[in-house]
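Note sheet for the following structure.
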Amino acid sequence: MVRLDDLLPAIGIKEIHGSTELSVKGITYDSRQVKQDYIFVAISGYTEDGNYYIPQALEAGASVLISSKRIEKLTRPPRWGGSATHILVENPRKALANLATSFYNYPSDKLNIIGITGTNGKTTVSYLTESIFKENGKKVAVLGTIAYRLGEQILPAPITTPQSSDLQQMLRKLVNEKFSTVVMEVSSHALSLDRVEGCEFDSAIFTNLSREHLDFHQSMEYYLQAKIKLFSTLGKDARKEREKLAVLNLDDPATERIMQLTKAKIITYSIEKKADVVAKSIKLNLEKTTFTLFSPDGEVKISLPLIGKYNVYNALAAIALALGQGMGLDIIKRGLEKVSSIPGRFEKIDCGQPFTVIVDYAHTDEALRKLLHACRELRPRRIITVFGCGGDRDRGKRPLMGEVAVGLSDYAIVTSDNPRSEDPERIALDIEVGIKRKKKNNYQTIIDRFQAIEKALSMAEKGDLVVIAGKGHEDYQLFKDKRIHFDDREVAREILLRRMKG
């Protein structure tokens, strides 16, 4: 238990109604998680207002309520006794983060926290970084899009970066279990919504910037500003003495803005320009990607078990970070070469068929472009691409993805992704706007995703490459009124095995 009085200096308070001379057992923003003597922080989401759930929080035993709205009746049920304390704040999200940081006693102070941000590549960089650090004998946790991996414990990841109170609780658990390093994907949403407020990062990696999440950020400028926040705050109000490190992709135009606004030590990586860490002599095939690494510590040939030039960038980011934290090239090389695959990222589905099938998470026009360029470099007979776009998200990227798909594929099949509350047919029509701009007819629309994958695999012949894009590691599909189990990898295997059996 922690005294409420001890936590309050961490937040900006407008008004207090009720006693602060009490002890609290926990903090949450989810009324379903409230227990006796918890603090409930009412935050507003996309579709729901946390203030609506205050009665449930009181019923469950909350003794303190924090919100940005005045609440008239805060009487708890008789079994809990008395009224709850109400604290009025300007920004409940920031209050939640700072309260949790204080409640869990600043756990990031005792960990090496590495943040990775950018439109594409975050997950792959996190896996590569994890492998290098493990090779160096470190006990590493990874928080990201696929899962939250806390050693042997693997938790589902409903969002890329956990909500602040969940994050601080996880970090405290990691401190208690003697972890040394946390590799964290930091989304633009997390930065905008104060999920990582109070978390002191030691290093931050920038991968790239392209169109994404404009339904939330409204413009590319605001989207970039969210990413920059990770670097502009790096080292600000630092409690740790360790030198802060910014690892930046010199080939991305956004890097120049970041370099101007960070006070951390900068390490750059590049394929095209003169940087601290550079890859040359890149060679690709269906099994691996090889390149020669040039760095301040010397040069070495890397044989990366991942496919595509974009994965060279991901490797360079992890390499630059590791070098910046004092690791040797021998450890870095061994760590990289041990990463055989990453779930849903250019993941090959091999059932003995005479053509190649890959499943990939690419769900933006730029990610799809990089993916299909990587496929082209492998010189397949034909590329057949299955893809769609998510509902309730940025409509502007739909025609762009249509253009990319038909422009870089020999044949494309437009299907549903996660339509959510939107009509899948309407989403497909938005995609077709871009296809028509290209004046291409090398496509068809099959809304049912199973049937679309089945069609692509039935068309494929020896030497072809089938790309199933958009969902990657996801094992579900979201509709207006339901969530169903759907895993592109499982579906592809099922269809291929049936085909192989004749």
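Miscellaneous remarks
Residues are listed down the side, and each one gets a yes or a no for (1) within 24 Å of G115 (Cα to Cα); (2) in a helix (DSSP H, G or I); (3) of a type outside the set (A, V, I, L, M, F, W, C):
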site: F291; (1), (2), (3): no, no, no
site: V300; (1), (2), (3): no, no, no
site: N311; (1), (2), (3): yes, yes, yes
site: A315; (1), (2), (3): yes, yes, no
site: L321; (1), (2), (3): yes, yes, no
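- A single entry from L321, L286, L306 fulfils the requirement of being out of contact with any Gly (no Cβ under 7 Å at 6 or more places or on another chain), more than 18 Å from I205 (Cβ to Cβ) and touching a residue at least 60 places away in the same chain (Cβ under 8 Å): L286.
- One residue stands out in segment 255-276 among those that are touching a Gly at 6+ places or on another chain (Cβ under 9 Å) and among the hydrophobic types (A, V, I, L, M, F, W, C): the one that is farthest from F206 (Cα to Cα), namely A264.
- Residues within segment 5-37 that are among the hydroxyl-bearing types (S, T, Y) and more than 14 Å from D166 (Cβ to Cβ), tallied: 4
- Odd one out for L88, checked against (1) touching a helix residue (DSSP H, G or I) at 6+ places or on another chain (Cβ under 9 Å); (2) not in a loop (DSSP other than H, G, I, E, B): (1)
- Which numbered condition S416 fails, given (1) surrounded by fewer than 23 Cβ atoms within 10 Å (Cβ to Cβ); (2) touching a residue at least 60 places away in the same chain (Cβ under 8 Å); (3) over 26 Å from K309 (Cβ atoms): (1)
- Enumeration of residues in segment 141-165 that are within 29 Å of Y223 (Cβ to Cβ), surrounded by fewer than 23 Cβ atoms within 10 Å (Cβ to Cβ) and over 14 Å from the mean Cα position of the chain (by Cα): A141, L155
- Count - residues of segment 480-501 that are among the acidic types (D, E) and not in a loop (DSSP other than H, G, I, E, B): 3
- Residues in segment 331-354 that are in contact with a strand residue (DSSP E or B) (Cβ under 7 Å, 6 or more places away or on another chain), modelled with pLDDT of 95 or more and not aromatic (F, W, Y): K333, L336, E337, G344, R345, E347, K348, I349.
The values are calculated or read from the model by the stated rules, or taken from the named source; none is laboratory data. Since the model is a prediction, treat every value here as computed from it, not as a measurement. All Cβ positions, glycine included, derive from the backbone under ideal geometry; neighbour counts span all protein chains shown.
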